[in-house]
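Note sheet for the following structure.
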Amino acid sequence: MIWRGRKRQTTEPESSVEPVNVPGRNEMPVENRAGADTSTGSSEYLSWGARSDVGLVRAHNEDAFLVRSPLFAVCDGMGGHAAGEVASKIAVDTIGANAPDHADDVVLGAAVEAANAAVLEGAAAGQGKPGMGCTATCVLIEKNKMAVAHVGDSRVYLLHDGALVRVTHDHSYVEELVDAGEITADEARIHPSRSIITRALGSDPDMYADHFTLDVSAGDRVVICSDGLSSMVSDKDIEELSVSSATPQAAANNLVSAALTAGGHDNVTVVVVDIVEDGLAEVHRARRRHGIIAFAVAALVALVAVGAGLGAILRSSWYVGNNNGTVGVYRGVNDTLLGFPLYELCDTSSVEVQNLPEAVQHQLDEGIGVPSEEIALNTVEQYRDQITAEQDKAALAATEAQNSADTSQGDQAGSSAPAEAAPAVDAQAAVPQSGQAEQGKQGAGE
Ligand code: MG
């Protein structure tokens, strides 16, 4: 059921001229005003200030507010003849008694609904007047979460990065006209039917509250107010005053002053809460720690992967080299990494390096890479065979020279010096080319 009620009509003029309050004008001072109520304070996470003023037209203040950090509420009473303030007082007390310990908007909404029941029960029990009621708008801020529960046309604004956003939706006739596109928000503030609200506490036992949770962050400013502010001061000026006020209490004072300067047609209540610390710094630090650990793990994994890849390369690489004067077969590469050898000696031989051509000796000192262990072993055997062949050839040449010398002994003795030993193995022939080695391997297999 949609309840429609008109908040208390007063002698206030239904001004056809939009109330104007420009920041910087000579605002009406709020200090030392009779009946005004304030509250200021701070905690580790929040700082707040509040002010409630009867305004310049009403005889008494039917607004009520609750400051019990991290819970903050504003209720705007209606019913006339002081009954509105009874309803709003019952509402803030009930919300305070039923609010959650954490930013749980479902439970906070249930607290508002409990306040609705309490107002109805209070009226039935003779408190206030039958038909009394009120709005209820409350927030509970827990670090970077803000739970909101809301009924009526009191409002919550959020100032973030210098921009003011209204986060609640008025339950009012003029808001419906705005939603339908029939009037603008500024026109709604001066509309003759602006006091008609479509949902409030104290009229319907089945009333339900809007509730939701928003993310907030350090530096944000939350403004909770009755329509005594929002009907007198434009959102643009609320934004400018919220931005320019240094402290939450200064903001509350300046906003109430602006409402009074604009005419103060209604009770005006403003609660301002600054998010000092949103608890995310520790979360960010934890994330950074986790990031560092994750990076270290990733680096270690990468190192292991590189090591594994390097190991695979080394395991599949072969070369023949100088093993302290003889030819050896090595796996890996003839180098070191951080002082650790990147090779291992896999086979030795009796082939002496000094019997190979000098060019080959130098190559062996550097390591002669080959495609496989088999080819490395074949290379060693080729060296052995070539050395043996050269030695046999040299011996044969020496024998032939000796025989020739014996035959021509005598008059040819002076010119028959034995031939010098044949030169060592031809360097080019002794250096196995991989293709040649491969051919040898294939030949061996045939
Ligand atoms: Mg009001």
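Result for the chain in a Gaussian network model with C-alpha springs under 10 Å: among Asn324, Asn98, Asn61, the largest mean-square fluctuation is at Asn324.
Computed from Cα atoms, the angle from the helix 83-98 axis to the main principal axis of the chain rounds to 30 degrees. Just checking the listed ones, Ala308, Ala395, Ala252: in the Gaussian network model of the chain with Cα springs under 10 Å, the one fluctuating most is Ala395. Running a GNM on the chain with Cα contacts under 10 Å, which residue among Ala262, Ala389, Ala91 ends up with the highest mean-square fluctuation? Highest fluctuation among the options: Ala389. Divide the volume of the convex hull around the Cα atoms of region 244-336 by the residue count and you get 174 Å³ per residue.
Length gain on complete extension for the stretch Glu121 to Val165, per 0.36 nm per residue less the alpha carbon to alpha carbon distance? Show your work: numbers first, answer last.
On the way: separation 44, 0.36 × 44 = 15.84 nm, distance 3.55 nm.
So the extension gain works out to 12.3 nm.
A simple rule links phi to the HN-Hα coupling: the Karplus curve 6.51 cos²θ - 1.76 cosθ + 1.60 with θ = phi - 60°, which for region 142-158 gives 10, 6, 9, 10, 10, 7, 10, 10, 7, 9, x, 10, 6, 9, 10, 10, 10 Hz, with x for Gly and Pro. Going Cα to Cα from Lys145, which aspartates and glutamates come in below 16 Å? Please leave out same-chain ones fewer than 8 positions away. Counting by Cα, and skipping residues close in sequence, Lys145 has these aspartates and glutamates nearby: Glu44, Asp101, Asp104, Asp105, Asp215, Asp220, Asp274, Glu277, Asp278, Glu282. Computed with a 1.4 Å probe over protein heavy atoms only, the accessible area of Ile387 comes to about 20 Å². Using alpha carbons only, how many degrees (0 to 90, rounded to 10) separate the axis of helix 280-315 from the longest principal axis of the chain? So the helix axis and the longest Cα principal axis differ by about 20 degrees.
Based on C-alpha pairs under 8 angstrom that are at least 6 apart in sequence, the chain has a relative contact order of 15 percent. Residues Val243, Val86, Val119 ordered from highest to lowest accessible area at a 1.4 Å probe: Val243, Val86, Val119. All C-alpha to C-alpha distances of region 184-340, sorted into 5 Å bins beginning at zero, yield P(r) values of 2, 6, 9, 10, 9, 8, 6, 5, 4, 4, 4, 4, 4, 4, 4, 4, 4, 4, 2, 2, 1, 0, 0 percent in whole numbers.
Here's the picture: a label point sits 7 Å out from the Cα of Leu314 along the beta-carbon direction, and within region 342-372 the residues with their amide nitrogen under 20 Å of it are 342-348, 366-372. The simple spin-label model puts a point 7 Å past each Cα toward its Cβ; for Thr399 and Glu352 those points are separated by 2.2 nm.
Measuring with a 1.4 angstrom probe and ignoring ligands and nucleic acids, Phe295 comes out at about 150 Å² accessible.
Need the C-alpha centroid separation for region 336-390 versus region 156-185, integer Å. Measuring centre to centre over Cα atoms gives 88 Å.
For region 217-223, 3J(HN,Hα) computed residue by residue from phi via the Karplus equation (6.51, -1.76, 1.60; θ = phi - 60°) reads 9, 4, x, 6, 10, 10, 10 Hz, glycine and proline entered as x. Over region 55-147, accessible surface divided per residue gives 36 Å², non-protein components excluded, 1.4 Å probe. Residue separation of Thr184 and Ala298 scaled by 0.36 nm, minus their Cα-Cα distance, works out to 35.4 nm of gained length.
Expressed as a whole percentage, what fraction of the accessible surface of the chain belongs to carbon and sulfur atoms when a 1.4 Å probe is rolled over the protein heavy atoms? Summing carbon and sulfur atoms, their accessible area is 53 percent of the total for the chain.
Close amide H partners of Ser172, meaning residues 5 or more places away or on another chain with modelled amide H under 5 Å apart, are Thr198. Would you work out which of Val333, Val174, Pro357 lies farthest towards the positive end of the dipole of the chain, given +1 charges on the beta-carbon of Lys and Arg and -1 on that of Asp and Glu, about the Cα centre? Of the options given, the answer is Val174.
Computed over the Cα atoms of region 130-213, pair by distinct pair, the Kirkwood hydrodynamic radius stands at 14.1 angstrom. Taking the DSSP beta bridges with both ends in the chain, the antiparallel portion is around 100 percent. Rounded to whole numbers, the Karplus 3J(HN,Hα) couplings from phi for region 258-272 are 5, 5, 5, 4, 7, x, x, 5, 9, 4, 10, 10, 9, 10, 10 Hz, using 6.51 cos²θ - 1.76 cosθ + 1.60 with θ = phi - 60°, and x at Gly and Pro. Sorted on the mean count of surrounding Cβ atoms within 10 Å across their residues, most packed first, peptides 373-380, 264-271, 139-146 read 264-271, 139-146, 373-380. Relative to the first principal axis of the alpha-carbon coordinates of the chain, what is the inclination of helix 373-407, with its axis defined by its Cα atoms, in degrees from 0 to 90 and to the nearest 10? Taking the Cα atoms of the chain, the angle to 373-407 is about 20 degrees.
In summary, the chain shows an alpha-carbon radius of gyration equal to 2.17 times the 2.2 N^0.38 Å reference for compact globular proteins.
The values are calculated or read from the model by the stated rules, or taken from the named source; none is laboratory data. Remember, it's a predicted structure, so these values are computed and weren't measured experimentally. Note that each Cβ is placed from the backbone with ideal geometry, even for glycine, and that neighbours are counted across all protein chains shown. Remember, those area values only see protein heavy atoms, side chains included, never the ligands or the DNA or RNA. Shrake-Rupley method; radii C 1.70, N 1.55, O 1.52, S 1.80 Å.
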